[in-house]
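Before any comments, here is the structure.
The values are calculated or read from the model by the stated rules, or taken from the named source; none is laboratory data. Not measured: the values here are computed from a predicted model. Virtual Cβ from ideal backbone geometry, glycine too; neighbours counted across all protein chains shown.
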Amino acid sequence: MAEKYNKLFEEFPPISTQQWMDKVTADLKGADFNRRLVWKTNEGIDVQPFYREEDLEKLVYLNSLPGEFPYTRGNKKNNNEWLVRQSITVNDFSEANKKALTYLMKGVNSLAFVFNTRTEITVADMAVLLHDISLDAVEVNFAGNCCSRRVAEAFTEYVKQGNWDLKSIRASVEFDPFGKYALVGNFKKGQEHVIENAAKMIRSTAELTKFRTLAVNGKNYPNAGSSIVQELAYSLAQGAEYLTVLTEQGVEIDAVAKNVKFNLSISANYFLEIAKLRAGRMLWAQIVKAYDPKSDDSCKMIVHAETGSWNKTVYDPFVNALRTQTEAMSASLGGVDSMTVLPFDAIYEVSTEFSDRIARNQQLLLKEEVNFDKIADPGAGSYYIEELTASIADQAWKLFLEVQEKGGFLASLRAGFIQAEIKKMAAKRDLNIATRRENLLGTNQFPNFNEKIDHEMNPAVFAPIDITSDEAEIETLKPYRGAQTFEALRYKTDVYAKTNKRPLAFMLTMGNLNMRKARAQFACNFFAVAGFDVLDNNGFETVEEGWAAAQQAGAAIVVICSSDDEYTELAPAAFDVINGKVIFVVAGAPANTDELKAKGITNFISVKSNLLSELKAYQSTLGI
C-alpha cells in the first residue's frame, strides 16, 4: 500500500508580505514603522523586523555550495571544523614549551607563541620551544615582536631537520608591517624594506605549503572603535595592498594569496558577525580572482578569529565570559578556520590557570556538546543571515572601493582617511555608551552594588593603547575599550572611599507605588555606576519623614522618586526642606520640568541623560 505524504501546514493559506505589513501597521496604531521596528545599525544597515523567502531571490551567491567559489558558504565541503587556539606569552622557551604541552593535553590543537619583547629566535631556540610537539597534528603560530623573516626561516630550518612532511605542517608568522604601520606610524627601515622582507619570506618558506607568513590584523580596527563594515573593508584593503605590492615584486599571485591569513575580531553583534565572516570570504575571493590566480583555492580567505577586547570590562569581569561565549558562537557559525577565546581577565591581568581553562573549554563545549563543527555552513538558508551577508558585503565593498579610489590602504592611512572614519564611529559608539543606547552590563547598566576595587590598579588599564613611534608620519590607531571612561570614573570613587566616606545616594520614595519603585530602581542603578552607595526605601508618608531618614543614613545625595503629577507638590517641598544641605535630584523627566527649574531645582536624571558627563559632575560637586 502506497504511503501518502502531506505537506506540513498545507491546510493554511499562504500569507503575502503585504498581508503581514497590513497586520503590523494595524498593531502599531499609527506609530511610525521605521522608528519603532527597524533597527539602524552602526554599519548603515536597516534591519527589518521580519524577512521572507522572496528576500533571497536577488542573492546570486546562493547558487554555490560549501567549499565552492566564492566560498561564501565556507571553505569546507563536509563540516565546519575549526582549530582551538590558545596563546602563550614566551619569556622562557622551556617554560613556554611546558605550558604548550599542558594545553595540548587539554584539547587545544593550535598554539600561539607571543613574544612581548624583541627576540631573535634561532633554530636552537625553536628546538626548545617546540620540543615534543607533533607538528603534523598541531598548528603553531608566532606573534608579537618576534615576527620577522628570521623567525620564519628558523622555523623552516627546524622543520627540515626533523622527520616531517613539509606539505602537512600548519603554521604561521604574524608578519603584518602594514598593520603595524597603522599603530606605530612609520616603517623603521622604510616601506621598501618590509616589502622586500615579505617577498623573501614567501620564497624561503615555499616548501611549507601550509605555512602562512603574512597577517592582516583586522582586529585592530574594531578594538579602536570601528564598525563591522569598517573592519571588513579596511582588512580587505590591507590584504589587497599586500597582493599588489608583492606581485609587483615578482611573486606569483597564488604564492602571495596562500600566505595571507586574516586575524579578525568578533564583537557582541551576534548575527552581524556571522554574516561578516560569510561576506568577507565572498569579497576576498573576488579580489584575489581579479589577479588571475592559477587555482581557485588561492581565493580562499583563511580567518583566525579572536574575541574582541572593545566590549570587555574590569568591573563584573565574569560577564566577560558570557560575552566571549556568544562571540565564539558567532565565529564558529560564521566558519572561521581557527579561534582564540580571550580569558575573562585578560584585559587587566596575566590570565590565571582558571581563566585559561574556562576560555579553552568555551570552544570545546561548542564542539563536543553543541556539535557546531559538524555541519557545513550552519547559517545557510536563514533569511535574516543571508540578507545580512548581502548587506554587509554591499556596504563593505563600497567602502573598500572608496579606499582604492584614494590610492589604496597605505595612501588612505597617510591621508588620514581611515583614522578619521574610525574615530568618527568610535565617538558615536562612546556617546551611545554614555547615554546607555549601547549597554555594557555591570558597567554602564545594572552594576553590582557591592563590588569594590580595593587594590591599586595600573592606570594603563583605563587608557588607550598608544605605541606611536617618535618618528610617526601619520596619526595612529589607538585601541581602547568602550568601558574605560566609566571604569576610571568608578575607580576614582573607590580610591576616594579608602580615606573618605563613600557617597550615599538616598531614595526619597513617595506617592504612586509603581512609579516610585521604577524610578528608585533606575536611580539606584544610575548612581551605583559611579561606585556610590545607594539606599532604596519602601516609601515615606511625608517629605519630613524622608529627609530625617536621609540625614540619619548620612546621605550625600537625595533622589526624590514619585510620579510626574505628584512632583508638582512633592519636589518643591522636599527641595525646600533639604535647603541645599545635600545634593537634591529628581528622578525622571517630568512634563513640569520647567516649572520645577523655576523653583530652583536643577538636577534631573532620566533615560535621556548623558550618564557619563552627569556622574562626573556629581563627583566634582562631592569633591571626588
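Do we find a residue being part of a loop (DSSP other than H, G, I, E, B), of a type outside the set (Lys, Arg), under 17 Å from the mean Cα position of the chain (by Cα) and over 30 Å from GLY416 (Cα atoms) anywhere in the stretch 443-456? Yes, the conditions are met somewhere in the stretch 443-456. For the stretch 403-410, state whether one or more residues are closer than 27 Å to PHE506 by Cα and either touching a residue at least 60 places away in the same chain (Cβ under 8 Å) or out of contact with any Gly (no Cβ under 7 Å at 6 or more places or on another chain) (or both). Looking through the stretch 403-410, none of the residues is closer than 27 Å to PHE506 by Cα and either touching a residue at least 60 places away in the same chain (Cβ under 8 Å) or out of contact with any Gly (no Cβ under 7 Å at 6 or more places or on another chain) (or both). The helices (runs of 4 or more DSSP H) falling completely within the stretch 214-302 that include 3 or more residues that are closer than 30 Å to ASP46 by Cα and either free of Cβ contacts under 8 Å to residues at least 60 places away in the same chain or not aliphatic (A, V, I, L, M) (or both) map to 228-248, 270-289. Being modelled with pLDDT under 95, crowded, with 17+ Cβ neighbours inside 10 Å and in a helix (DSSP H, G or I) is the filter here; which residues of the stretch 127-153 pass it? Passing the criteria: ARG149, VAL151, ALA152, GLU153. All conditions but one from (1) closer than 17 Å to PHE211 by Cα; (2) of a type in the set (Phe, Trp, Tyr); (3) in a helix (DSSP H, G or I) apply to TYR181; the one that does not is (1). Quick check on my filter: what residues within the stretch 335-346 are of a type outside the set (Phe, Trp, Tyr) and out of contact with any Gly (no Cβ under 7 Å at 6 or more places or on another chain)? Scanning the stretch 335-346 gives VAL336, ASP337, SER338, MET339, THR340, VAL341, LEU342, PRO343, ASP345, ALA346.
Being at pLDDT below 95 and among the hydroxyl-bearing types (Ser, Thr, Tyr) is a condition met by at least one residue of the stretch 56-68.
Taken together, the residues in the stretch 249-272 that are hydrophobic (A, V, I, L, M, F, W, C) and more than 22 Å from the chain's Cα centre (by Cα) amount to 6.
Restricting to the stretch 482-516, give me the number of residues that are part of a helix (DSSP H, G or I) and without any contact (Cβ under 8 Å) to a residue 12 or more places away in the chain. Matching residues across the stretch 482-516 total 2. The numbered conditions (1) more than 21 Å from the chain's Cα centre (by Cα); (2) not assigned by TED's automatic domain parsing to the domain that holds ILE347 are all true for LYS423 except (1).
All of ASN109, ASN116 fail the test of being closer than 23 Å to PRO177 by Cβ and assigned by TED's automatic domain parsing to the domain that holds ASP356, apart from ASN116. Checking the structure you have, find out if any residue of the stretch 505-516 is within 34 Å of the chain's Cα centre (by Cα), modelled with pLDDT of 95 or more and assigned by TED's automatic domain parsing to the domain that holds LEU611. Yes, because at least one residue in the stretch 505-516 is within 34 Å of the chain's Cα centre (by Cα), modelled with pLDDT of 95 or more and assigned by TED's automatic domain parsing to the domain that holds LEU611. Is it the case, given these coordinates, that THR542 is over 30 Å from LEU440 (Cβ atoms), among the β-branched types (Val, Ile, Thr), out of contact with any His (no Cβ under 9 Å at 6 or more places or on another chain) and surrounded by fewer than 20 Cβ atoms within 10 Å (Cβ to Cβ)? When the stated conditions are applied, THR542 passes them. Screening the candidates ALA380, ALA359, ALA420, ALA396 for the property of being surrounded by fewer than 19 Cβ atoms within 10 Å (Cβ to Cβ) and assigned to a helix (DSSP H, G or I) yields one hit, ALA420.
Scanning the stretch 406-461 for residues that are charged (D, E, K, R) and touching a strand residue (DSSP E or B) at 6+ places or on another chain (Cβ under 7 Å) yields one hit, ARG436. Scanning the stretch 188-213 for residues that are touching a residue at least 40 places away in the same chain (Cβ under 8 Å), not in a loop (DSSP other than H, G, I, E, B) and not polar (S, T, N, Q) returns ILE195, GLU196, ALA198, ALA199, LYS200, MET201, ILE202, ARG203, PHE211, ARG212.
Each residue in the stretch 31-60 was checked for being surrounded by fewer than 20 Cβ atoms within 10 Å (Cβ to Cβ) and either touching a Ser or Thr at 6+ places or on another chain (Cβ under 8 Å) or assigned to a loop (DSSP other than H, G, I, E, B) (or both), and 17 pass.
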